[in-house]
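Okay, so here's the structure we're looking at.
All of the numbers you see were taken from the coordinates with simple rules; none came from a lab. None of these values were measured; they are calculated from a predicted model. So basically every Cβ, Gly included, is an ideal-geometry build from the backbone, and we count neighbours across all protein chains shown.
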Amino acid sequence: MKIDSVDAFYLRLPTVSDIGDGSQDALLVRVTAGGFVGWGECESAPLPTIAALVAPMSHSACHPVLDAVLGADFDSPESVGEIHRKVKAQCIDLLQADHALSGIDIALWDLLGRIEGRPIWSFFGAGNFPKTAYASQLFGDDPSATYEAAREVAGTNFKAAKFGWGPIGSGAPELDRDHVAAAREGLGANIQLLVDTGCIFEHDVERASARIACFEEFNVGWWEEPFYSGAIQEYSRLASRTRIPLAAGEGAHNADQAKHLIDYGGIRFIQVDTGRIGGISSAREVARYARERSVRYVNHTFTSNLALSASLQPCADQEGLAEIPVKTSELAVAIAGASWIPDINGHIWAPSRPGLGLDVDAKAMSPFLQDLEIRWQGQVLWRSSGL
Ligand SMILES: [Mg+2]
């Protein structure tokens, strides 16, 4: 069979705030072949990503992404790989192409799983192992709000929790200590604490280092994203100064960037996002690469359960931690339901049903669908379609 159609759906909350919450809008991709349907989600800014799908060829290194997808042969994991390879080769200089490819690749794997009646992870061979779910959320606006959020987690099955972004790193180190102390106290002694500083130190190793004492005092399980993803030298220098394991990778836009972090950044956890790095195919490549080098692979997910299922497929064959967004937006809930709740042991699994193992709720999503048209020289390049 051949790929018959690719549609993208721009969804958005009525109000989008200037906070580190990527679930305020969404770009879903729907791919069809032979009467079957697959879904994927890009973790990216929707409008430039839609533009990458259809923008007229600039030159031979900048084709519209859809050129490599529509009409392509499709019947096996190898055909997913061939479409993936062709997009990369035709869009070398189109930076948004990897984000667009991510949603398409996920949708292709979902489509293949549905055609063959198998969960995606089963194509990778080694089973589906439980993950220790960690509750992922933003720091509160002040330490008392962080404490209250931690107390909420303490009353659940979660065995680990991460606090990130918000005010952390933007003020004095003493304020960061107050936040981390509040999180630690709120969680209690039996829940692991992880911290995400959201690239706040940019390239400044000294400013980051001023937080080492605090993070070590509270035995933080990992220190995520002190710097921009590409600041590999800075990661390496900080890693040599602290016993706290560094974690990064959500900002990697392709598998090579993630491999560089693994090889040269001194990180001990790699956290790519399947919706950004090139989909399940690229994320699986990174997961295998990390395992061979004793770096732990952990999903990055902060949007819907569709994205969460996609993020667990590449690493279903290993135990470890898994990020579960717990303060999901109204939009994320509309896409694929409320936040997953771990079992009494704090575990979650990748779904066992075919494909991604869940259904998107078109009716619930419809109120968030954005009307969009892209025109060029009087020609309509893109018009949003109904769900
Ligand atoms: Mg993060």
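Along its three principal directions, the equivalent ellipsoid of region 235-306 from the Cα gyration tensor extends over semi-axes of 21, 13, 10 Å, largest first. Of the peptides 370-377, 227-234, 126-133, 70-77, the order by per-residue mean of other Cβ atoms within 10 Å, starting with the highest, comes out as 227-234, 126-133, 70-77, 370-377. Helix 173-187 versus the longest principal axis of the chain: what is the Cα-based angle in degrees, 0 to 90, to the nearest 10? For helix 173-187, the angle is close to 80 degrees. Could you list, in their original order, any pairs among K159/K259; K2/K86; K131/K162; K88/K131 whose Cα atoms are separated by more than 22 Å? The answer is K159/K259; K88/K131. A straight line joining the Cα centroids of region 113-132 and region 43-87 runs 25 Å. As an equivalent ellipsoid, region 232-387 spans semi-axes of 32, 22, 14 angstrom, where each value is the square root of five times an eigenvalue of the C-alpha gyration tensor, largest first.
Taking the DSSP bridge list for the chain and keeping only pairs wholly inside it, about 50 percent are antiparallel. Computed from Cα atoms, the angle from the helix 77-90 axis to the main principal axis of the chain rounds to 90 degrees.
Along the axis of the charge dipole computed for the chain (Cβ charges of +1 for Lys and Arg, -1 for Asp and Glu, origin at the Cα centre), the listed residues L331, I348, P367 are led at the positive end by I348. For the Cα atoms of the chain, what angle does the longest principal axis make with the long axis of helix 97-116, in degrees from 0 to 90, nearest 10? With both axes taken from Cα atoms, the answer is about 70 degrees. Within the straight-line cut-off of under 23 Å between alpha carbons, the lysines reachable from K363 are K327, sequence neighbours fewer than 8 places apart in one chain being disregarded. Taken over the Cα atoms of the chain, the convex hull encloses 136 Å³ per residue. Beta bridges per DSSP, both residues in region 241-387: antiparallel share near 50 percent. Scoring 336-342, 39-45 by mean Cβ neighbours within 10 Å over their residues and listing the highest first yields 39-45, 336-342.
Simple point charges give the picture: +1 on the Cβ of Lys and Arg, -1 on the Cβ of Asp and Glu, and for region 160-289 a dipole about the Cα centre of about 380 debye.
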